[in-house]
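Each value in this text was obtained by applying a stated rule to the coordinates, not by laboratory testing. Owing to the predicted nature of the structure, the values given are computational and were not obtained by experimental measurement. Note that we place each Cβ from the backbone using ideal geometry, even for glycine, and neighbour counts take in every protein chain shown.
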Amino acid sequence: VTVPRTRWLRACEWILAGAAPVVPADMRRDWMREWHAELAHRATRQSHAGLPLVVRSCGALAHAAWLRWDRWRLEMLLQDVRYAARTLIRKPGFAVITVLTLALGIGANTAIFSAVRAVLLRPLPFPQPDALVFVSSTTVAAPTRAGGAASPPDFVDWRQQNRSFTELAALYASSYALTGVGTAEQIPGATATGGLFNILGVPALYGRTLDLSDDAIGGADVAVIGHGLWSRRFGSDPSIVGRTVMLDGVERRIVGVMPRGFAFPLESELWVPLRLSERELATQRGAHYLEVVGRLKDGVSLEQAAGDMNGIVRQLAAAYPRTNRDKRAAVHTFRDALVGDVRPALFMLLGAVGFVLLIVCVNVANLVLTRALGRTREMAIRTALGAGRFRLVRGVLVESLLLATIGGVAGLGVAIWAARGIAALQRGLDIPLLDQTRIDPVVIAFTAVVSIAAALLCGTLPAWHTSALGQLAQRIRADGGTGTGDRKRHRLRATLIVTETAVAVVLLVGAGLLLRSFMRLTSVELGIDTAGVQTFNISLPETRYSQPMQRAEFVSALLDDLARQPGVDSAGAIFGLPLSNTRYTISMSTLDGRRLSDEEQDRRSLQVRVATPDYFRTLRIPLVQGRPFTASDRLGAPYVVIVNETAAKMLWPSESALGHQFTLGTRMGQEGANAGGVVVGVARDVRDFGARVPARPTVYLAHAQFPVDSVAVTVRGGAGSSLLEPLRAVVQRHDADVPIFRVRTMEQLAADAVAQPRVYMLLLGLFAATAVVLAALGIYGVLAHAVSQRTREIGIRLALGAGRYSVVTMVVRQAAGLAIAGLTIGLGLALAAGGAVQNLLFGVEPTDTTTYLSVAVGLLLIALAASYVPARRAAGVDPVRALRYD
Amino acid sequence: MRRLSITAVSVLQAIANGFEYGFDIIDTTGLPSGTVYPALSRLERDGYVRSAWENDARAHREGRPARRNYRVTAAGVRALADARDYYQKLAGLTRVKA
């Protein structure tokens, strides 16, 4: 049959010819015939020929690929898996070691990924979470920083003028003492405007959420409670809606219960309305304490919203230059605002654990290669019986897949266990959402992908190489064998070891840098003595402690009583406990009687703390000048303050601070007096915000003169926790409706402050240690094999008079060669990758010479140690036996 | 028994309707050739269709090589009926929901 062969038809035939080799051989003829016939049939009808026919013939490629895949799948499942399983069972040692190493590598990757997913990837539990944003009030100096609080009048202006959000809401984290039902308990929560729940888009489980009607001044005292509080304190009783409870001494009607899992801000269990009075809106433009959240309108991007907000901010700056000059606004998604800081650290860990898996794979590849030596004969026989190279490659690949699958399943087990551990770390680490770490379907899919990748990584090279063994063995038989293939294989193994060592070096350098950084961090003097200090917070309800005198007397009497308890050395109280992350910065308004200009005020703002007389003694903060507060510094007496060294240096660089006086722009005193007073003491600096942040200029006001209602009590005694119950009892005795909360020792606080760097260091250290052990095993394996291969050569050398020493040198030189090659590449890579840890370092440069040198020397020593056994074995070769053996 | 995909049902239905050659099935279903041919091979592997070569004489008369034709088997007829039932039910469900 002749069909007119047009240009188009020829193109179709080329495509068929290209696809044909992919089709399994036994089906190829029929396949070809069918496609030809169809094309020819069309070609004979001129109207159907042409480009569409070429396009249609491309389907032959997909068809061929499908047929090959279908055949392969069948065979693989039936034959290769059975064969691989049998081979592995025959050598269980190899299988067990490989599966265990892979399980650890895959498990560690899955565990870290599950944490990354919880913190950075899993959608937040709100409808369309990507549209949820925080709007921060920022400054020109750091215009895009997240977390800046807004003032009430600014918030109201933002809400009215913006065009980007469906709604804006303001809130601040607060806590309320729940009294009148069992033991008094301080409940964490938020005071929020009614729009909040609308923005979040979460309805109440029972009753209603707060809404805009709750914002009205003079509205009913209502509250919405969280699921945890509802089940813990109210026995999950739905009829709780409509009942009243005492919160901070105020009767509030519960109007709604939120569903399980709802907690915004994190850990909140209670929401009460935020009501902004006319007076607040008129006077508080400089008071920044409101967090602002919103939901972007459809189609509005973050950048557009930020542009819109900055337009409003500029108008406000023009209208209120005194408070709003240099202000900016930033818009961040919830996710960014919550966890933006930990993102680099988590990705660094994910990268590091990926490196560990790479090393695991290289090691397994090496094991597979070593094992292949024992299979030369088998491969030769299979080749002789007609197995193609492709078939042999596939066999080894299936074996790796089988190993990786078992390793993956075991790894998932490791990860489930590790994920629980990671979730439990949340409290100490303070990484938001980390407690949500768990193995979900996405994590399982990740494990599957990682396992397959691992199988390919550790299977491909050895598979290809092993398949060559079949041909090699035949060649050896033909030409007597010169062992060139062996040399090639040795080179491949050496390359693998160098790769492994290089990756281990990168991890070691990273771990070393973090270790040195951590040592620097923990050696920084915080300025307080944390040992043996118990702390807890109390908050006096405004209803019963509305008068400053009442609050001053309560705290003073409580501290006196606490100090008298057996085992207690001293007791103090402070607003703004070190390491508790309390930010309260106020600018100075007068200095030595002179009113400061706006610009001077901006440059002179102080961190405000309010302390009782024995606070300094309790935390052992020495006074470098002057005196501590005394009992005579009370309401009615002249106002006195203590400043820290940084403040003294900033304000009076060349003279003593004592005797100077100043006031701050906040009316905290009696009858609206500005906070401030005469400086009577200069205290040693305290790093309130942890070792990384130098002490800020700080002023301590006397609690008896500025009796704030919420303080942290600090008690110095012997053993920390044994003090706690008696202390709790004392507070109860003074007022049963004042619960103690945030109960911690100062040592815990100090440990928590460095918990993140500690965990990063430990994890990276663990990864690096694993990497080094695997690399050392790799080096050992290569050398041991080299020595066993060269037994005859070594025997000849010894027989010809070479000394044992020179044989040892030969082996050691080989180890050093591998290590130095790995080191050179690894150190180069580490230098290039230094940026990944830069943000996590404190007081150490990513190029720190000491770290690099230590790693280099350490790794060389390890490599030499790994060569010890093979070197001894080489030196112990008996020339006579070695020669006879061959 | 595994349920047939929409593609498989379309191809099977096309054969049942009398379109028994690969390219004719492509034309009638509107599916690409890279989808129809693997589907045909799979249906044949699973026993839902059977293929044979057409009579050489007829092809010769038309001046072209013989084509391969496909027929639905008994198992294919059953599978097609099942699948039709299923997809009809599914369509019903979707309507109720909408």
_Point-to-point label distance, residue A:673-residue A:183, nm (Cα→Cβ direction, 7 Å offset)_ = 4.0
*Compute the signed sum of charges (Lys and Arg +1, Asp and Glu -1) over the other residues within less than 14 Å, Cβ to Cβ, of residue A:724.*
+2
*Any idea how far the Cα center of region A:408-463 sits from the one of region A:740-814, in Å?*
25
*For region A:369-446, projected area of the alpha-carbon convex hull averaged over all directions, nm²*: 7.6
*Show which aspartates and glutamates lie in cross-link reach of residue A:91 when reach means a straight Cα distance below 18 angstrom and same-chain residues fewer than eight apart are skipped.*
A:80, A:378, A:399
*Please work out how much length the chain gains when fully extended from residue A:561 to residue A:581, using 0.36 nm per residue of separation minus the C-alpha to C-alpha distance, in nm with one decimal.*
4.4 nm
*Between residue A:789 and residue A:620, with labels modelled 7 Å along Cα→Cβ, what's the label distance in nm to one decimal, could you check?*
6.3
*Whole Å is fine, so just give me how far the alpha carbon centre of region A:105-139 lies from that of region A:224-297.*
25
*Per Stokes-Einstein, at 20 °C and 1.002 mPa s, what whole-number D in µm² s⁻¹ belongs to chain A, with the Kirkwood radius over Cα pairs as the hydrodynamic radius?*
64
*Take every residue in peptide B:40-50, count the Cβ atoms of other chains within 10 Å of its Cβ, and give the average of those counts.*
1
*Shielding by partners for B:21-28, please: the mean number of other protein chain Cβ atoms within 10 Å of each residue's Cβ.*
4
_Within 10 Å, at most 16 other Cβ atoms, and a DSSP state outside H, G, I, E, B define an exposed site. Report the longest part of chain A free of exposed GluC sites (Glu not before Pro)._
A:1-266
*With the dipole of the protein assembly as shown worked out from charges on the C-beta (+1 for Lys and Arg, -1 for Asp and Glu) around the Cα centre, which of A:276, B:57, A:418 lies farthest toward the positive end?*
B:57
*Summed side-chain charge close to residue A:661 - residues other than residue A:661 whose Cβ falls under 15 Å, Lys, Arg +1, Asp, Glu -1*: 0
*asked:* So if the hydrodynamic radius of region A:209-341 is defined as the Kirkwood radius over C-alpha pairs, what does Stokes-Einstein give as its diffusion coefficient at 37 °C and 0.692 mPa s, in µm² per second?
replied: 183
*Per residue and in Å³, how big is the convex hull formed by the alpha-carbon atoms of region A:740-839?*
139
*Cross-link partners among aspartates and glutamates for residue A:649, C-alpha distance below 14 Å, same-chain residues fewer than 8 apart left out?*
A:685
_Hydrodynamic radius of region A:267-338 per Kirkwood, over alpha carbon pairs, in Å_ = 14.6
*Helix A:302-319 versus the longest principal axis of chain A: what angle, 0 to 90°, nearest 10, using Cα atoms?*
20
*Crossing angle, helix A:81-90 versus chain A [Cα axis fit, 0-90 degrees, rounded to tens]*: 90
_Neighbourhood charge, 9 Å Cβ-Cβ cut-off, centred on residue A:220 and excluding it, Lys, Arg +1 and Asp, Glu -1_ = 0
_Ranked packing of A:253-263, A:383-393, most packed first, by mean Cβ within 10 Å_ = A:253-263, A:383-393
*What trypsin sites (Lys or Arg not before Pro) does region A:21-115 have in DSSP loop regions with at most 11 other beta carbons within 10 Å?*
A:45
*asked:* Once you order the gyration tensor axes a ≥ b ≥ c over the Cα atoms, which shape class does region A:47-166 get: rounded for a/c under 1.5, otherwise prolate or oblate by comparing a/b with b/c?
replied: oblate
*Cross-link partners among aspartates and glutamates for residue A:327, C-alpha distance below 19 Å, same-chain residues fewer than 8 apart left out?*
A:154, A:157, A:291, A:303, A:308, A:598, A:599, A:600, A:602
*Within the P(r) computed for region A:540-580, what percentage of the Cα pairs occupies the region above 11 Å?*
69
*Which value in nm describes the separation of the simple spin-label points at residue A:590 and residue A:51, placed 7 Å from the Cα toward the beta carbon?*
8.8
*asked:* Helix A:389-424 against the longest principal axis of chain A: what's the angle in degrees, Cα atoms only, rounded to the nearest 10?
replied: 20
*Give, rounded to the nearest 20 debye, the magnitude of the charge dipole that region A:225-340 has about its Cα centre when Lys and Arg contribute +1 at Cβ and Asp and Glu contribute -1 at Cβ.*
200
*P(r), alpha carbons of chain B - 5 Å bins starting at zero, rounded %*: 2, 13, 22, 20, 17, 12, 7, 4, 2, 1, 1, 0
_FRET efficiency estimate (nearest 0.05) - Cβ-Cβ, residue A:142 to residue A:73, R0 56 angstrom_ = 0.45
*Within the protein assembly as shown, which cysteines find no other Cys whose Cβ is under 4.7 angstrom from their own?*
A:12, A:58
*asked:* What translational diffusion coefficient, to the nearest whole µm²/s, does region A:316-390 have by Stokes-Einstein, given a Kirkwood radius computed over alpha-carbon pairs, a temperature of 37 °C and 0.692 mPa s viscosity?
replied: 175
*asked:* For a Förster distance of 22 Å, can you work out the FRET efficiency between the beta-carbons of residue A:130 and residue A:445, rounded to the nearest 0.05?
replied: 0.50
*asked:* Under a Cβ-only charge scheme (Lys and Arg +1, Asp and Glu -1), can you give me the dipole magnitude of the protein assembly as shown about the Cα centre, in debye to the nearest 20?
replied: 5280
_Full-extension gain between residue A:208 and residue A:250, please, as 0.36 nm times their residue separation minus the C-alpha to C-alpha distance._
13.1 nm
*asked:* Suppose we keep just the alpha-carbon trace of region A:733-795; what are its Rg and Dmax in angstrom?
replied: 27.3, 90
_Cα lying deepest toward the dipole's positive end in chain A, options A:859, A:396, A:259, charges on Cβ_ = A:396
_Which of A:199, A:779 has the fewest other C-beta atoms within 10 Å, and how do the rest follow up to the most?_
A:199, A:779
*Figure the gain on full extension for residue A:824 and residue A:319 (residue separation times 0.36 nm, minus the Cα-Cα span) and round it to one decimal in nm.*
175.6 nm
